[in-house]
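To start, I am sharing the structure in question, which I have written as structure tokens.
The values are calculated or read from the model by the stated rules, or taken from the named source; none is laboratory data. Predicted model, so just to flag it, every value in this text is computed and none were measured. Here the Cβ is made from the backbone with ideal geometry for all residues, glycine too, and neighbour counts use every protein chain on show.
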């Protein structure tokens, strides 16, 4: 046992481990359980992505501003982060099927309530509760696909297939949205969530699963730790979700939420470090291996944010809607699915470093290709770049999750709660942090480029004067006043300058993603070289001894 990973406190005896699964893969068995896993993943993934992908429909339904509509996605994210940890403890103590049934019944009722609600404040509250109710879905997506896998494939093929549903839901939400919105606005989006929730509940009743080990995991101090964790992480999530909408330094309540969130998480650390059986084993999580895992998960979510905040944001600023990006979204969907299926076939411990190198290379190349956009760039021009980024992100995740899960099991089942804390926090917070960072970068760089462009626009330049006159001439039939036509021409020129500034800002975003990916690739290569030299030196010392 290394010095950087001290032994945790003694744990109560665990029940016998469940059977390892079938000796070999049975295609029919895998198909049924795979469909169930896919249903759970899609239900969880589409639940929030349908809202995020259709904020304009939300605004139209509730008569809300863009900032107010963003509260729906923020409410869901703020509760789902810590709810998964609570659900893990509940299912460990009270049984998986009981907790799953109760959670999914609540999710069905909440989805039904969403269809009839007409008040934005009530909708925000329902989304927050839905974040709690849907927290069991990610766990079910993993457990159901692992049920059909032989023991030797659980942490390789099983991990990859268990991630498919929640990841392909990101492009799928935008692909199905136009057809739903043709029928109706907000209610139709929620009817799809309701249908998926009912289907997920049906799988729980008709498809058996080996119950995971049960044990008493709650104690009195959880009454202090869980509220601190829930409220603290929730406040931080709200700040990350809404900071770039209200702007970080202009809304005082953002600072208050962030300060309270950090204070509560600090109090949680103090409580957990002095517990005999901590909710989250912070000493174990501070080990080098778990820090590396958390960092890799944050990076994966940061890169995947490039697709929503980057490419989709770029085209939305050019006036395109989801239906205009259908071709690109199908490529992203196909590349993501192909990545997870492909990596499931080769996701073995000896291949993980090579897989990550390939993934980082694809992401860096794809992001760099996108960094040369203009105001004439359209989705069909970035199909290759988006396919590379989507495929690279897909093959990056399963090796990292499989390695860390195996590492956790070697230390003992008592660390599973801590593992899921890192995994879920890095997935949710990583996505929020990635979107916040990239969105903020675009805003800051747009202001910079706008200043650069506007400085060169002066009426003393004959080309500028000619452009204003041409823009104003379009209003000649409705505006007889020359001064008003000149003002309209200047406004159109300002709009064109802002559009160009946004194009340059998004190019900067893609370059940043490419640079970060390239630096991570360089770091991984150096790490592998040092590790190989260390193993060679150790082997040489053994031979001389």
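Does residue 385 meet the test of being farther than 30 Å from residue 495 by Cβ and either outside the structural domain of residue 182 (by TED's automatic domain parsing) or more than 20 Å from the chain's Cα centre (by Cα) (or both)?
no
Any chance you could count how many residues in segment 167-184 are surrounded by fewer than 17 Cβ atoms within 10 Å (Cβ to Cβ) and in contact with a helix residue (DSSP H, G or I) (Cβ under 6 Å, 6 or more places away or on another chain)?
Number satisfying all stated conditions: 1.
Quick check on this structure: which one of 142, 132 is surrounded by fewer than 24 Cβ atoms within 10 Å (Cβ to Cβ) and within 17 Å of residue 201 (Cβ to Cβ)?
So the residue among 142, 132 that is surrounded by fewer than 24 Cβ atoms within 10 Å (Cβ to Cβ) and within 17 Å of residue 201 (Cβ to Cβ) is 132.
Against the definition (touching a helix residue (DSSP H, G or I) at 6+ places or on another chain (Cβ under 8 Å), surrounded by 24 or more Cβ atoms within 10 Å (Cβ to Cβ) and part of a helix (DSSP H, G or I)), how does residue 360 come out, yes or no?
When the stated conditions are applied, residue 360 passes them.
Quick one: would you say residue 164 is under 20 Å from the mean Cα position of the chain (by Cα) and crowded, with 21+ Cβ neighbours inside 10 Å?
Considered against the rule, which asks whether it is under 20 Å from the mean Cα position of the chain (by Cα) and crowded, with 21+ Cβ neighbours inside 10 Å, residue 164 comes out as yes.
Mind checking which residues of segment 109-122 are modelled with pLDDT of 80 or more, crowded, with 18+ Cβ neighbours inside 10 Å, under 16 Å from residue 192 (Cβ atoms) and over 22 Å from the mean Cα position of the chain (by Cα)?
110
Can you list the helices (runs of 4 or more DSSP H) found entirely within segment 128-240 that contain at least 3 residues being touching a strand residue (DSSP E or B) at 6+ places or on another chain (Cβ under 8 Å)?
none
Residue pairs, Cβ under 6 Å, 6 or more apart or interchain, first in segment 362-378 and under 10 Å from residue 511 (Cβ atoms), second part of a loop (DSSP other than H, G, I, E, B). List them.
Sorted first by the residue in segment 362-378, then by its partner, the pairs are 370/382.
Okay, moving on. Across segment 494-511, what is the total count of residues that are crowded, with 19+ Cβ neighbours inside 10 Å and under 21 Å from the mean Cα position of the chain (by Cα)?
3
Check residue 12 against each of (1) part of a loop (DSSP other than H, G, I, E, B); (2) modelled with pLDDT of 80 or more and name the one condition it does not meet.
If we test residue 12 against (1) part of a loop (DSSP other than H, G, I, E, B); (2) modelled with pLDDT of 80 or more, just (2) comes out false.
Taking the options 395, 468, name whichever one is buried (at least 20 other Cβ atoms within 10 Å of the Cβ) and modelled with pLDDT under 75.
Sole residue among the options that is buried (at least 20 other Cβ atoms within 10 Å of the Cβ) and modelled with pLDDT under 75: 468.
Would you check which residues across segment 216-229 are surrounded by 18 or more Cβ atoms within 10 Å (Cβ to Cβ) and within 14 Å of residue 263 (Cβ to Cβ) and list them?
228, 229
Could you figure out which of (1) closer than 28 Å to residue 149 by Cβ; (2) at pLDDT 85 or above isn't true of residue 346?
(2) is the only condition that residue 346 fails.
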